[in-house]
1. Taking the residues in the range 99-121 that are open to solvent by less than 70 Å² (accessible area, probe 1.4 Å) and more than 22 Å from Val32 (Cα to Cα) as candidates, determine which candidate is nearest to the chain's Cα centre (by Cα).
2. Just name the residue that is surrounded by the most Cβ atoms within 10 Å (Cβ to Cβ) out of those in the range 134-147 that are at pLDDT below 85 and not in a helix (DSSP H, G or I).
3. From Leu89, Leu135, Leu82, grab the single residue that is of a type in the set (A, V, I, L, M, F, W, C), under 22 Å from Pro21 (Cα atoms) and touching a helix residue (DSSP H, G or I) at 6+ places or on another chain (Cβ under 9 Å).
4. What are the pairs with Cβ atoms under 9 angstrom where one residue, in the range 28-42, is without any contact (Cβ under 8 Å) to a residue 24 or more places away in the chain and the other, located anywhere, is open to solvent by 90 Å² or more (accessible area, probe 1.4 Å) and in a strand (DSSP E or B)? Sequence gap at least six, or different chains.
5. What single numbered condition from (1) part of a helix (DSSP H, G or I); (2) closer than 22 Å to Gly15 by Cα; (3) open to solvent by 20 Å² or more (accessible area, probe 1.4 Å) fails to hold for Glu131?
Amino acid sequence: MILPRGITGFNVPKGSAEADPGSFRADCWQVVAPLSGRAEDRPQVLCPACTSFLTQVLVLPRRAVTVLLNKVHPWIGFCRPLEPGDCWLEFVDPGTVAARFTALGRYRVLSREELDQPVDSSMVAELGSGESSQLAYWSKLAGRGKLRVGEVIFNFWD
């Protein structure tokens, strides 16, 4: 996987359009309504302006899952619902929900396996210098030596 320039939310290329929250919410409803579910705009993070993503909680009959949409690129991932103040994303594979987002044809839907893999140098070759600096800084703070792909695409860096 190659991470495209701007995916981190830093040094976004000029002319890039930010994701539209209204369209994203409508797509979430389109995905969950046939599954007897609903989309909720729950507060998931303390400062949404400091994230690289939008969220919606999809409440299904047997469980709830948070869908994450990168603000610059139409890449989607899924995690367990967050409580305000949480900074750790536990990525999940939501099964049918992921397939329904893929069927919309507007998103690149990422699996848990893709999101949990460690970032390596081949993945970040297209990132700008500002993004690379942020990556180096936040990798040190992660305490694990390497960030996960999902932490780069859906981040809380400020």
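1. Among them, the one singled out is Leu115.
2. Taking the candidates together, the pick is Lys146.
3. Criteria check complete, one pass: Leu89.
4. Note: pairs meeting the criteria are Trp29/Arg38.
5. With (1) part of a helix (DSSP H, G or I); (2) closer than 22 Å to Gly15 by Cα; (3) open to solvent by 20 Å² or more (accessible area, probe 1.4 Å) applied to Glu131, the lone miss is (3).
The values are calculated or read from the model by the stated rules, or taken from the named source; none is laboratory data. This structure is a prediction, so every number in the text was calculated from the model and none was measured. Here the Cβ is made from the backbone with ideal geometry for all residues, glycine too, and neighbour counts use every protein chain on show. All accessible areas refer to the heavy atoms of the entire protein, side chains included, with ligands and DNA or RNA removed. Shrake-Rupley method; radii C 1.70, N 1.55, O 1.52, S 1.80 Å.
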